[in-house]
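Read-outs throughout are calculated quantities, based only on the coordinates presented, and are distinct from any laboratory measurement. A quick note: this is a predicted structure, and the numbers were derived from the prediction, not measured. Neighbour counts run over all protein chains shown; Cβ positions are idealised from the backbone, glycine included.
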Amino acid sequence: MAGSSHGHGHTPAAWTGVIISFIGFCVAGAFMVMAQPVGFWAGMVLILLGAVVGGIMRAMGLGQPQQAPLKMTATPVATREPVAAES
């Protein structure tokens with residue numbers, strides 16, 4: 001939903017965590033192709049570091065604020081249209 005008010009992680013914590021993890025994926029992928037296990041595991045550590053840094057930044061208040069969950073309404077969003085008889 002493009003008009004959703006929940007944001008989808010447009011915060012400094014989310015961006016930082018994703019960028020660090022993306023760099024880790026690139027490093028791990030490159031070293032996996034080069035058959036260098038030490039570099040591969042260094043990339044895996046970077047991926048985990050991205051998650052840790054993003055979590056710490058979120059705990060510092062740089063993440064998405066907690067919001068109440070969305071509630072379902074009693075009326076349907078879309079209504080059914082009658083099926084026309086084909087001749």
Exercise for the section: Mind giving me the nanometre distance, one decimal, between the label points for ILE47 and ALA30, set 7 Å out from Cα along Cα→Cβ? Expected result: 1.7 nm
Practice task
Estimate the FRET efficiency between MET60 and ILE23 by the formula 1/(1 + (r/R0)^6), using the beta-carbon distance for r and 30 Å for R0, to the nearest 0.05.
Solution key: 0.90
